[in-house]
Amino acid sequence: MAITTDPVAINHWIACGWPGKVPVGGYWDTVLLGQNIRVSRPQPDIYEAAILTAGALGRRLPVQSRFCCIFTTLGQDPRPLPQIDEFDEPDRRLINCGSVGVNTSPYRMIENFLDMAHFPFVHTNILGAEKKTEVVSHKIEHRKDVDEIWATDCRFFQPAASKAATGGQMTDYTYRVMSPFSIMLYKNVHNDPGRNDAICMFVQPKGEAQCLAYMPMALVDDVNTTAAIIDFQQTIFLQDRVILENQRPALMPLAPAAEIPTKADVGSVTFRRWLKQMGISFGIYEKAAA
Amino acid sequence: MQINDQVEADRWVGVALDSQIQSASSHPVILNGRELALWRGESGPARVWDDRCPHRGMRLSFGFVRGNTLRCLYHGWTYGENGHCEAIPAHPDLAPPKTICASTHGTAAKYGIIWVNLSATRAAHVPDLPNQPGWLPVRSVHLRASAPQVLDGIAEFDYGEPARTSMPAQNACVVVLGSDTQLFFALQPIGLDKTGLHVVVNESGEPQIPRRQRLARQVARLRDTIEAGGGGVWPSPRTL
Ligand code: FES
Ligand SMILES: [Fe+2]
């Protein structure tokens, strides 16, 4: 795999590992946008990254350790990591679910994360039910000051919204697309209407249609074990993976007529328009147009 | 933009045995590298569409059947037999616009085989076989060989008795064994080195199930022989 020549894709901080993957004193070799890299951990809290060419270490890459993940960038002028305050609140439980490999483009994954209409069919009787499939209209905006896409006032009926839920409920969601490779959601906590669980997905694009997903969470849940929460999250994600690996084409089509959206897809439509405006070509179906 | 914009030749290709496609089921089929969904409602004929939901591209071969509609696994969009979208669950009160339609293909069931024509014109006919009724399924196999290699293999095979081979159409082959048995082979080019073979038989006497089971085993032998690249020996007529 050759490194991408797309300058837009390169100038991001991208998740490239999590602490459980890199042993202290050891390293983990992985791929970022087609470029082989090595992430090493000389001391418990110190991570380093470098380009790997034919087994030899090359240029050092900058590293940030944040949101239970390790981030690096191949670019000279990367967009800064987002601000997610929930990860700094002292009473939150921070949980990293590790990483899951998915063979599709990063944007199909972001779109799936942003989508409520699939809950009744893909997460049947957990995040949705076949009796209540309606997606009520919600607000989507491109917040120019932070250059993020926000979806607010999202509501959906859920039979078992989280590991902590004890029955069906209308769940309120807020979504935040923070970059082409990162998204998060806030969903209301079952026993505390004033607070939200924060669940992120950082996508590491290894190639145009090979990704790793990291899903760190900052939760308000003092009941469930970490293992049970991770188990719940993995179950959901594996259900999504069956879909994600069977969309055609795997690369994201941006031409308006390629796929047919409806009102429930305003988030996806806004996201695609945003991708088009930024001129990204990595992982995009229409190579000539990019 | 169209995702599948190649121009397809106007010809019918066998892609499955009709008896294999149960009611209320959907299956993936590949024809010359093109991904298709072959499905059947709770009643009626099988249909072949592009394996791609117009909404967000999910493969329709993963879909599920309710009544005589095919529903996409991702968001449950519901397609009628003519391909038109009849329901969008995210908007239960909305009548989907007529323009939303799965990409459908000409499909026919003849001689116990499901035939597909991917062209838009569809002027061609399904290959004509002598005895219209009386064709019974033997089996389908997939081979690691190109379609021309499979055709050669069928023609060169030692059937252990006089065999006359003819080709009523491209990718179709009839082998007459002795005086009363005709085997029909429909070839499905999957990729450069992969071919599906769908076999039916027509006997002048009473159809015999044990005999067809033996024929089915012989088709597997034919496959092994072709994949091994040699001309094998068909068992003697007595064991058929
Ligand atoms: S992709 Fe088929 S219904 Fe959405
Ligand atoms: Fe999902």
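Quick note: the coordinates plus some simple rules give every number you see, no bench work behind them. Everything numeric in this text was worked out from a predicted model, so none of it was measured. FYI the Cβ positions are ideal-geometry reconstructions off the backbone, even for glycines, and counts take in every protein chain you see.
Is the C-alpha gyration tensor of chain A telling us rounded, prolate or oblate? Criteria: a/c under 1.5 is rounded; beyond that, a/b larger than b/c is prolate, otherwise oblate.
oblate
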Legend entry - Mean Cβ count within 10 Å, highest first, over the residues of peptides A:20-33, B:65-78: B:65-78, A:20-33
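Please give me, ordered by residue number, the trypsin sites (Lys or Arg not before Pro) of region B:97-158 that lie in loop per DSSP and have at most 15 other Cβ atoms within 10 Å.
Values: sites: B:98, B:110, B:122, B:139, B:144; in loops: B:98, B:122, B:144.
Here the trypsin sites (Lys or Arg not before Pro) that fit, given the DSSP loop and packing criteria, are B:98, B:122, B:144.
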Legend entry - Placed amide H near residue B:77: partners under 5 Å, 5+ positions off or other chain: B:72
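For the pairs A:163/A:187; A:139/A:263; A:139/A:187; A:139/A:276; A:131/B:98, flag any whose C-alpha to C-alpha distance is greater than 19 Å. Each step should come with its number before you reach the end.
Details: A:163/A:187 13 Å; A:139/A:263 11 Å; A:139/A:187 15 Å; A:139/A:276 21 Å; A:131/B:98 25 Å.
Violating the 19 Å Cα-Cα cut-off are A:139/A:276; A:131/B:98.
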Legend entry - Point-to-point label distance, residue B:221-residue B:149, nm (Cα→Cβ direction, 7 Å offset): 2.2
Inset, instruction - Any chance you could run the full-extension gain for residue B:166 through residue B:120? It's 0.36 nm times the residue separation minus the Cα-Cα distance, nm to one decimal. - result: 13.7 nm
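R0 = 51 Å: FRET efficiency of residue A:245 with residue B:179, Cβ-based, nearest 0.05?
Details: r = 53 Å, r/R0 = 1.03.
Result of the calculation: an efficiency of 0.45.
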Legend entry - On Cα atoms only, tilt of B:147-156 relative to the major axis of chain B in degrees: 20
Legend entry - R0 of 22 Å, Cβ-Cβ distance residue A:153-residue B:93: FRET efficiency to nearest 0.05: 0.70
Legend entry - Virtual spin-label span in nm between residue A:131 and residue A:143, 7 Å along Cα→Cβ: 3.7
Inset, instruction - Using the Karplus curve 6.51 cos²θ - 1.76 cosθ + 1.60 with θ = phi - 60°, work out ³J(HN,Hα) for each residue of region B:182-189 in order, rounded to whole Hz, and write x for Gly and Pro. - result: 10, 9, 10, 10, 9, 9, 10, x
Legend entry - Shape of region B:13-117, Cα gyration tensor, a/c cut at 1.5: prolate
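Given axes a ≥ b ≥ c from the Cα gyration tensor, I'd like to know whether chain B is rounded (a/c under 1.5), prolate (a/b larger than b/c) or oblate.
Details: a/c = 2.45, a/b = 2.05, b/c = 1.19.
Because a/c hits 1.5 or more and a/b exceeds b/c, chain B counts as prolate.
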Inset, instruction - Starting at the first residue of region A:115-120, write each ³J(HN,Hα) from the Karplus equation 6.51 cos²θ - 1.76 cosθ + 1.60 with θ = phi - 60°, in whole Hz, x for Gly and Pro. - result: 9, 9, 5, 8, 3, x
Legend entry - Nonlocal amide H pairs with residue A:97, under 5 Å, H built at 1.01 Å: A:215, A:217
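Looking only at other chains, what is the average number of their beta-carbon atoms within 10 angstrom of each beta-carbon in A:115-121?
Taking the mean over all residues of the peptide, I get 6.
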Inset, instruction - Name all residues of region A:196-224 having a backbone nitrogen under 19 Å from the label point set 7 Å from the Cα of residue B:30 along its Cα→Cβ direction, giving them as ranges. - result: A:209-210
Inset, instruction - Please give the length that would be gained between residue A:287 and residue A:93 if that part of the chain were fully extended, namely 0.36 nm times their separation in residues minus their C-alpha to C-alpha distance (nm, one decimal). - result: 65.6 nm
Legend entry - Lys, Arg +1 and Asp, Glu -1 on Cβ, resulting dipole of the protein assembly as shown about Cα centre, debye, nearest 20: 560
Inset, instruction - Report the one residue of A:67, A:57, A:198 whose Cα lies farthest in the direction of the positive end of the charge dipole of chain A (charges on C-beta: Lys and Arg +1, Asp and Glu -1; origin at the Cα centre). - result: A:57
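How big is D, in µm² s⁻¹, for region B:136-239 by Stokes-Einstein at 25 °C and 0.890 mPa s if Rh is the Kirkwood radius over C-alpha pairs?
Numbers: Rh = 13.6 Å.
D, rounded to a whole number, is 180 µm²/s.
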Inset, instruction - On a 0 to 90° scale, report how tilted helix B:209-228 is relative to the longest principal axis of chain B, with both axes built from alpha carbons and the result rounded to the nearest 10. - result: 90
